[in-house]
Amino acid sequence: MVFMTTAVKDLYLEDYLQQLKYTPANSKSRSDRDAAQRKQTEQLCKKFVAMGYNENESRFLASASKATRQIDEQLMASIVLDILSSKTADQGDRTFGVVLIFVSGVAEISSAIKAIENTCKKRVECFPLHSQLSSTEQKRVFRPVDPSRMKVVVATNIAETSITIPDVRYVIDSGREKQMQLDHEVGMSRLVEVNCSRAAAKQRRGRAGRTTSGVAYKLFTRICEQETMSVDTKPEILRTPLEALFLQIKAIRETENVATYLQNALTPPPQNAIDRAIENLEVVGAFHDGSLTALGKHLAQLPLDVRLGKLLVLGAIFKVFEPTLTLAAMLSVNKPIFVNSFEKREESSLARLKFKVGNSDLLTNINVFDEFIRIQRDLGNSSAREFCEQNFISMSTMRDIISTRSELLSQMQERGFVPGSYGKHNVHRVALVSSTGGGDNPDEFNLNENREKLNLVKSVFAAGLSQVVRIEVPQTKYDQTASGTIEKDVDSKAVKFYDSKVGRVFLHPSSVLFKSAQDLKAAFLTYFSRSANGSGTDSKVFLRDGTTVPLFGMLLLFGSGSIKLNHECRGLSIQTRSLEDGRETHENTIKLRAPIRIGTLCNQLRHLLDTLLLMVVDQPEQLANHWENDADALQVIDCVVNLIESEGSGSAF
């Protein structure tokens, strides 16, 4: 469809504020507690007073001119009401156009819709639009509404380019967006609300005036646009981790100093971002003493996060390849499996709990995918689609995971880690349950012999993802009753999680563990990604994809260093990375309580496993041939598997 662009009138906040039936609230924000911010606000106030605004209006405009400004939903509602009141009189046209409102996130959409509906009553029909909605709910924005009502679509930046809504005459732009920004100090992505770029604001105002003349109401001032909005969005090299780029440079230019090389980029990344990338590569075991390891050279050839590459190699070694293949595909796709329903919020939030497995978000997601594959294979695509609709699952995400799995399998076969015959007759496999039809060929069976051993699977996840937090459960308390002493239930909120770099972190409410944290028996939780809302003292770090890790999984597989024995404290510490001088730091050490005897024995097994891993990456055909003529390697693997699965009990020692 071809749209003809027509004239769009830009109205900044100072252009229309006085004509609205709107009284600005007290505009003093937290930032004004700072002396410099107060001075800036006062200077801006004087400018607007000189332009003829009263003191309250001037303070409001001054607040709307800063980078840390906040959006008042009631202001949006007042603009919609003003459009409703003036449109017919001004244009003599009783056909309502569509109002498209841009806000920063899902919560802001809900607040804006509530304010607009309360102000405009039944004269409007509001529709939310964001990426977390199902495709069916997104399509609702295209439906016609009653001619007596005005259609109002409240959207995130998905409506800038991805979706075009016809008949938009009015755009209300908050000038805000939520953007993932990399915190170089801790190597963590933070979801931060910021002013959008001028390029994005231009794209938004262009949504109006596609079929007729339009108006763009900006909820910011000209000063805000000129002084706080960047021309374009910050380059990706400054917003994303550098591990993959680092590996590619070193693979092509082995002797190159990556930090020096990247200084030639148009926007060079800061040194601490490069340092963090090197640290993460050392933790994974891909980089050591200034050079790529054999594992690092393999990971540089795989089109995915380095941690996921290591995960796939470990999955093949420990014969849990299918779960690791599915997980690597899921985390590479990086799209939500479950979609939020605006109208059935509670039902959609409960849907995921039906698939909960093994105190693990990651295993739960794999279980969902397994069920989808079973239904698609046995009952066909229409039944699979119905399954997705009933459980608020994204069909497109499922398709993307299937496609990515096939691609990653091909890459592992090309690198020699997986036999070429693997998956030829059984492409759509389930990951966690053995096939009952006897259709597995010998290669498929050998690489998945242990996939039902969930302690082992979770331990391999932790070793590959290379990130854990400590779980701290409050001390058990008891109540005295007539029938005796009973253990008191632990409140889920009393269970705390701690990261060695950033301190306390939190489970995201979408996690299947969120309301059952009191049932967690493990001491550690692994995860793939973490993010923070906001910055500064109000920031909270959230984990969305937690998985408990058994103790022996930590002792035998986690980290790339050795286990240090502390005879005085009768405890152990695991080095997450090997430092050249052998020193321990708070950030590269995980401490745990276990007998010294166990630490000594596990250390010996870790050294044997390290030798095994070096052999695999140097001679991947050994893995593809299932360790033929190497009984010692098989014995080491079996010993580790038995210890982890039995949690150190029985005859494993």
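No value in this document is a laboratory result; all are computed from the given coordinates. Remember, it's a predicted structure, so these values are computed and weren't measured experimentally. Note: ideal-geometry Cβ built from the backbone for every residue, glycine included; neighbour counts use all protein chains shown.
One table, with the values for the structure above:
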quantity	calculated
Distance from the stretch 49-80 to the stretch 332-380 (C-alpha centre basis), Å	44 Å
Label-point separation in nm, VAL473 to SER162, each point 7 Å along Cα→Cβ	3.9 nm
Given LYS114/LYS344; LYS178/LYS356; LYS66/LYS121; LYS9/LYS46; LYS335/LYS521, the pairs whose alpha carbons are separated by over 24 Å	LYS178/LYS356; LYS66/LYS121; LYS9/LYS46; LYS335/LYS521
Order of ARG205, ARG399, ARG415 - criterion: other Cβ atoms within 10 Å of each residue's Cβ, fewest first	ARG399, ARG415, ARG205
Shape box of the stretch 302-458 [Cα atoms, principal axes, largest first, Å]	49, 34, 27
Sorted by Cβ density within 10 Å, fewest first, the residues SER291, SER406, SER341	SER291, SER406, SER341
Debye intensity ratio I(q)/I(0), log10, the stretch 118-263, q values 0.19 Å⁻¹ (C-alpha model)	-1.21
Relative contact order (%) - criterion: Cα under 8 Å, at least six apart; region: the stretch 302-458	34 percent
Count of Lys pairs (Cα-Cα under 26 Å; at least 8 positions apart or interchain) in the stretch 230-332	6
Residues PHE528, PHE542, sorted so that the one with the fewest Cβ neighbours within 10 Å comes first	PHE542, PHE528
Difference of contour (0.36 nm per residue) and Cα-Cα distance, ASP610 to VAL231	131.5 nm
Global size of the stretch 308-395 as Cα Rg and Dmax, reported in angstrom	14.1, 46
Peptides ranked, highest mean first, by Cβ atoms within 10 Å: ranges 494-501, 354-361	354-361, 494-501
Distance between the stretch 144-185 and the stretch 105-129 - C-alpha centres, whole angstrom	13 Å
For the stretch 233-325, convex hull volume per residue from C-alpha positions, Å³	103 Å³
Spacing of the two label points (7 Å from each Cα toward its C-beta) at GLU452 and LEU238, in nm	5.5 nm
